[in-house]
Amino acid sequence: MNIKPAELPFIGVDIGGSHITAAHVDCKSYKVIDDSLMRVRVASMDTAEVIFDSWVDALSSLIMKDDDQHIRIGIAMPGPFDYVEGISLMKNQEKYDALYGLNVRDVLSERLEIPRDHIVFINDAEAFLRGELASGAASDFEKAIGVTLGTGLGSTSSCKGEVVDVNRAFVPFQDSIAEEYISTRWFLRRYKELTGLEAKNVEELLTVADPEIRDQLFDEFSTNLATFLNDFIADEKPEVLVIGGNIARTWDYFINLLQDKIEDKSVVIRQSQMWEDAALVGAACTWINK
């Protein structure tokens, strides 16, 4: 796609636990402009200054100072976060503690030298489902739910007519909350309980775990996820469920187990088609509805 940068007023941003990804987005085709993609690692437990330096590094090259164009930025941000005011409420989340109580919109506006009302924030799971509905795995349905499986657990729904974050990560689950049993940290904690060994992430776990341990982990995980999803599906009554996030990349290890345990067999279950692009598109194209 040969589109000049000056014709691209929308920037989509995805804030992850260890990175920021940003790109120009064509909000007519709902596609990321691939050669504009920027990805920068972020030390998310460092100081606010270090975090903002990384974010500005990723965004500054995408902003054209031009009398004819006024860049609009949509940022997919994990919660808890005040999305209207742009204030971070993340604390004890193992990421971005240093931003707690800060007005992120004001800081980015000043650092990037753009008007503060040219920056909007959207929940990252909500942005993910918006993108998949626009041009991804849910594009042929209207009633969809989405979950993102990674360092946290995102949940969102379009079943009531608009895409909303339903924030089911904190519903009571076993002896804690759902996110403690359906996330990367569950895999790492459970692996250590079973073996006494540690792994950095699920990808590493797959390479080092004995097949019997690996199979047990994914069987338990699929049971946890199915229990969570059966309640979610019963409440929302979707046509399709889209699963994204880094754990979704281990699809072949859990999808058959999960499908067996889902009670409503009418619901189509799909892996993300857009991956990280979904959040970028969903965040940037928030502007076309304003």
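What follows draws every value from the coordinates through simple rules; no lab data is involved. Small disclaimer: the values here were computed from a predicted structure and weren't measured. FYI the Cβ positions are ideal-geometry reconstructions off the backbone, even for glycines, and counts take in every protein chain you see.
Counting beta carbons within 10 Å around each of V166, V242, V40 and listing the fewest first gives the order V40, V166, V242.
In angstrom, the C-alpha Rg and Dmax of the chain are 19.1, 62. In this rough spin-label picture, where each label sits 7 Å from Cα along the Cβ direction, the N167-E142 distance is 2.8 nm.
The GNM of the chain, with springs linking C-alpha atoms under 10 angstrom apart, assigns the highest mean-square fluctuation among V84, V268, V163 to V84. Across F187, F141, F128, mean-square fluctuation computed from a Gaussian network of the chain (C-alpha pairs under 10 Å connected) peaks at F141. Comparing P78, P172, P115 in a Gaussian network model of the chain where C-alpha atoms under 10 Å apart are linked, the largest mean-square fluctuation is found at P172. Between region 114-143 and region 225-276, the alpha-carbon centres lie 19 Å apart.
Candidates V107, I177, V50 compared by Cα position along the dipole of region 33-192: farthest toward the positive end lies I177, with charges placed on Cβ.
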